[in-house]
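Structure first, then comments.
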């Protein structure tokens, strides 16, 4: 059997039924398993290149194109200075979602959040009266 023929020896199992096929073509396997032909071709190529272990290796992750090393350093400097995330996003030209992901992954320091004032807010007597007489 030549390597380019696309024929593979396979055992088709369904319950107690087993059938050994010496020369199953890609099309035959696609129909037998009910999967697209391109999926069979990709799996066959992966098996030929990497063997059975190739199915259990996670795919390679690609690097992002927006947050390159230069912009990463610029964002880090702005965050260390205490600028909020929207300001850093506007100055670097990188989406704030992308910056949040980099912070979560540990590639950037966390952004400093504004502290909320805790306590009573001073109101005029007129506002207090309105507040208590909503249904009047």
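Annotations
- As for segment 59-66, it holds at least one residue that is surrounded by 10 or more Cβ atoms within 10 Å (Cβ to Cβ) and at pLDDT below 90.
- Positions within segment 65-81 being assigned to a loop (DSSP other than H, G, I, E, B) and over 13 Å from residue 107 (Cα atoms), in sequence order: 65, 66, 81
- Selection status of residue 89, modelled with pLDDT of 90 or more, in a helix (DSSP H, G or I) and farther than 30 Å from residue 43 by Cβ: yes
The values are calculated or read from the model by the stated rules, or taken from the named source; none is laboratory data. A quick note: this is a predicted structure, and the numbers were derived from the prediction, not measured. Cβ atoms come from the backbone with ideal geometry, glycine included; neighbour counts cover every protein chain shown.
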